[in-house]
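The values are calculated or read from the model by the stated rules, or taken from the named source; none is laboratory data. Here the structure is a predicted model, which means the values were calculated and not measured. With ideal geometry, Cβ positions are generated from the backbone for all residues, glycine too; neighbour counts draw on all protein chains shown.
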Amino acid sequence: MKKLVAIVLSLVMILSLCACAKKESKGSVYWLNFKPESDAALQEVAALYKEKTGVEVKVITAASGEYQSTLTAEMDKSEPPTLFIVGNTEAVKTWGDYCYDLKDTAVAKELNTDAYNLYDTSGRLCSIGYCYECFGIIVNKALLAKAGHSLDEIKDFASLKAVVEDIHSRAAELGFDAFTSSDMDPSSSWRFSGHLANAALYYESNDDGGWTETPATIKGTYLANFKNLWDLYIQNSAFETSTLATGGHDAEAEFGKGEAVFYQNGNWEYSALHDTYGIADEDLAMIPFYCGVDGEENAGLNCGTENCWAVNGRAKEKDIQATLDFMYWMVTDADATKKLADTFGAIPYKQAAAPANVFLKQANEYAGAGKYVMTWAFNYTPNVDEWRSGVVSAMNLYDADPTDANWELVKTAFVEGWAAQYQAANAG
């Protein structure tokens, strides 16, 4: 009898070990998340994946502002993160040796653009974008139609200019103007010294093969194109250019109340325009920064992110594979992409659910149609606050007296100001 009991116990132990081994062979995922506002949604995603596959997914969210220190501490542990964030070129320099090469992986093949991907100097794909923000020129399509125009007319700067100038010339009879105010006080100037400046910086960066670090100097090749849009803004609104320096206008309210057709801003305006002012989704659109550059009919929106997934190449092989499988599932499974779209917004993958935010949805549509993304070259600005301050001061002089001589001051602030701030940032 004792012998039989011993045999049974041995069989139980063997079966238990086999079961554990089978469970262990699946591998597991440890995602170190850096977006605290998304923690609850990601816990739901992890639970859904375990329910569907049996694979354990642990999501740990770093405290706001403490991601890098948390990542450093966690990477030293025996069970480090298998999925983490490498969101810019400096992070690639720090963590590139840990990054699994995502090139040719199933999840990377699901991307609808390469614009948010980060490579190391050897060409390894270190991290891939998983969500982003966008900005451009917001349009009230209902007002545009009232003025006798449609988005189909606007394909480049020339066509945009024709529509804008026609609306402005008839503002009194229409009851609304073309553009909202373009104030240059601190509450608004970032839209132009930062975001609009991206038009000039993006195209110059593109000519240079795409910046991966801040250049010591810029040429200002596309400042005439920057001027094209700026003149269009300030010469086709209800406000005197001399009033822009001190501000005091409310561009969001002007657009929300139907006082203007066009408003430069980003996807973050959706809630105010839709929920506060009640503009219907079908009446909202965002168009690219058409500024007179050759081939701009193929442009998409200005989009950027530091939300980029990296896989820990030093993790166990089975955990690497489990992580890659989990990533692929997140961007292809209907339930998963819906949850991610609800928490992150735009997800740059072919099968991803459309976000509720109409501007982010349109950004994905541009990319899906093969339009190039105007990436955020303005992120490379040296001593950004000081550089922008110089640009704003020069633009205010131009607005007060829009002469060619004063525009030269804007060019100087851009080009010579960049070099000066680069030197200041890198002194010693």
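Taken over the range 218-249, the criterion of being within 25 Å of the chain's Cα centre (by Cα) and either part of a helix (DSSP H, G or I) or surrounded by fewer than 17 Cβ atoms within 10 Å (Cβ to Cβ) (or both) is satisfied by 221, 223, 225, 226, 227, 228, 229, 230, 233. Close contacts from the range 84-101, counting a first residue that is in the same structural domain as residue 36 (by TED's automatic domain parsing) and a second that is assigned to a helix (DSSP H, G or I) and of a type outside the set (A, V, I, L, M), with Cβ to Cβ under 6 Å and a gap of 6+ residues or different chains, come to 86/95. When 363, 413, 405, 420 are screened for being under 18 Å from residue 267 (Cβ atoms) and either out of contact with any Pro (no Cβ under 8 Å at 6 or more places or on another chain) or part of a helix (DSSP H, G or I) (or both), only 363 passes. Identification of helices (runs of 4 or more DSSP H) wholly contained in the range 73-165 with 1 or more residues that are surrounded by fewer than 21 Cβ atoms within 10 Å (Cβ to Cβ), at negative phi and modelled with pLDDT under 95 yields 89-95.
Among 21, 47, which is part of a helix (DSSP H, G or I), surrounded by 10 or more Cβ atoms within 10 Å (Cβ to Cβ) and either modelled with pLDDT of 95 or more or on the phi < 0 side of the Ramachandran plot (or both)? Before the answer, list the steps.
Details: 21 fails: surrounded by 10 or more Cβ atoms within 10 Å (Cβ to Cβ).
The match here is 47.
Filtered by the rule that a residue be touching a residue at least 40 places away in the same chain (Cβ under 8 Å) and either crowded, with 21+ Cβ neighbours inside 10 Å or out of contact with any helix residue (DSSP H, G or I) (no Cβ under 8 Å at 6 or more places or on another chain) (or both), the range 337-351 gives 340, 344, 345, 346, 347, 348, 349. Considering only the range 144-159, I want to know if a residue exists there that is of a type in the set (A, V, I, L, M), more than 16 Å from residue 260 (Cα to Cα) and over 23 Å from the mean Cα position of the chain (by Cα). Yes. Tallying residues that are in contact with a Lys or Arg (Cβ under 8 Å, 6 or more places away or on another chain) and either outside any loop (DSSP other than H, G, I, E, B) or closer than 21 Å to residue 288 by Cβ (or both) within the range 347-360 yields 2.
Does the range 309-316 contain any residue that is under 15 Å from residue 366 (Cα atoms) and over 17 Å from the mean Cα position of the chain (by Cα)? Within the range 309-316, not a single residue is under 15 Å from residue 366 (Cα atoms) and over 17 Å from the mean Cα position of the chain (by Cα).
Taking strands (runs of 3 or more DSSP E) that do not extend beyond the range 256-346, which have at least 1 residues that are farther than 23 Å from residue 114 by Cβ, among the hydrophobic types (A, V, I, L, M, F, W, C) and outside the structural domain of residue 91 (by TED's automatic domain parsing)? Working first, answer last.
Working: elements: 260-266, 284-287, 299-304, 308-311.
Per the criteria, 260-266, 284-287.
Here residue 67 fits the description: farther than 22 Å from residue 325 by Cβ and buried (at least 17 other Cβ atoms within 10 Å of the Cβ). For residue 287, the conditions (1) surrounded by fewer than 18 Cβ atoms within 10 Å (Cβ to Cβ); (2) within 21 Å of residue 160 (Cβ to Cβ) are fulfilled apart from (1). Residues in the range 185-199 that are touching a Gly at 6+ places or on another chain (Cβ under 7 Å) and over 11 Å from residue 264 (Cβ atoms): 185, 187. Within the range 173-196, the set of residues being in a helix (DSSP H, G or I) and surrounded by 22 or more Cβ atoms within 10 Å (Cβ to Cβ) comprises 192, 193, 196.
Listed here are the residues, each with its yes/no results for (1) of a type in the set (Phe, Trp, Tyr); (2) in the same structural domain as residue 184 (by TED's automatic domain parsing); (3) under 27 Å from residue 87 (Cα atoms); (4) at pLDDT below 95.
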site: 362; (1), (2), (3), (4): no, no, yes, no
site: 386; (1), (2), (3), (4): no, yes, yes, no
site: 391; (1), (2), (3), (4): no, yes, no, no
site: 394; (1), (2), (3), (4): no, yes, no, no
site: 399; (1), (2), (3), (4): no, yes, no, no
site: 404; (1), (2), (3), (4): no, yes, no, no
site: 410; (1), (2), (3), (4): no, yes, no, no
site: 415; (1), (2), (3), (4): no, yes, no, no
site: 422; (1), (2), (3), (4): yes, yes, yes, no
